[in-house]
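The values are calculated or read from the model by the stated rules, or taken from the named source; none is laboratory data. Note that the structure is predicted; figures quoted are calculated from it, not measured. Every residue, glycine as well, gets a Cβ built from its backbone with ideal geometry; the counts of neighbours run over all protein chains shown. For accessibility, only protein heavy atoms count, side chains too; no ligands or nucleic acids. Shrake-Rupley method; radii C 1.70, N 1.55, O 1.52, S 1.80 Å.
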Amino acid sequence: MPTETASHLPHVHTVTDERPASQPGSLERGIDILLALSAASRPVTLSQLCRSTGLPKSTAHRILGVLCSRELARRVGNAYLPGELLESMAGITRARVPGTRQVVLPYLLYLYETTRQTVNLAVPSGLEARYVERLYGHNRVCSRSDSLDRAPLHCTATGKALLAFDPKLRQELLARGSFERMTRRTITTLAGLERELAQVRRHGIAYSQEEYTEGVACVAAPVFGPGGRICMSLGVAAPAHLAPLAKLSISVRGAAQAISAMLLRL
């Protein structure tokens, strides 16, 4: 009886983990991406994440898709940031000076009492303004940001205040060249936004008149922290047809300056 050679034997596939022990699995890779996102002060592109983690683009893109679906990461343009769930778990509040809530809240309350309009305190979060404190009454003005607590920088008063006094943030946003139109009044050109931000720097106050949400007008001013660098912006939102912008600007700028003076003492 002829002997069956190895070349004629049927191939038997044994399920084994052929991955080298030193190669990280999906969990380790996901953790590496989350650490890279959390350590970055600005949105991180896929290429930057791959360079910092050493992961192939296809692998990083697949993992980012899972992280975004679970709100551990989120996409902003062509870059990524920590997601809402990760930020809440880690207690991340970008660009806010530690220990400021007890300093800020009395001024926010005073601003609400004097204006009876929605009061917002915003910090930069990637290329958006994130609202970390909001005060409003039963008759609050309705805005697109109500369910998100964040909004674009280019068409909100708080966002413009942040952009005007943060050169690096402004450079990153202006590199886009054009901006999403949210309403018929939204500034969508680079030249238009540059002119607007120059006015904000000149007068220390920013406006958004139905640029993000129809029927809503906003006024905001920068808040500066230790070292004189902008860390937050303070704004008031009101119905566009009722908003006394000149009067509101005085109140908002005064409150923002008072908060800045207090922060310099921290």
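Some observations on this one:
- The range 114-266 - accessible surface per residue (Å², probe 1.4 Å): 45
- Here the range 97-218 is treated as a Stokes sphere of Kirkwood radius computed over C-alpha pairs; at 37 °C and 0.692 mPa s its diffusion coefficient rounds to 219 µm²/s.
- Compared with the direct C-alpha span, the chain from ARG140 to CYS68 gains 22.8 nm at full extension, assuming 0.36 nm per residue.
- Under 5 Å, built H, 5+ apart or other chain: amide partners of ARG74: LEU81, GLY83
- Straightening the chain between LYS57 and ARG265 buys 70.3 nm, computed as 0.36 nm per residue apart minus the Cα-Cα spacing.
- Directionally averaged projected area (convex hull, Cα atoms, the range 182-266), nm²: 5.9
- Modelled FRET efficiency - R0 22 Å, GLU194 with ASN78, Cβ distances, 0.05 increments: 0.50
- Taken one residue at a time, the phi angles of the range 121-127 give Karplus couplings (6.51, -1.76, 1.60, θ = phi - 60°) of 10, 10, 10, x, 9, x, 10 Hz. Gly and Pro are set to x.
- Fraction of accessible area attributable to carbon and sulfur, the range 109-266 (%, probe 1.4 Å): 51
- Long-range HN-HN contacts of MET232 with modeled amide H, under 5 Å: VAL223
- Were the residues from GLN209 through VAL103 laid out at 0.36 nm apart, the gain over their Cα-Cα distance would be 35.2 nm.
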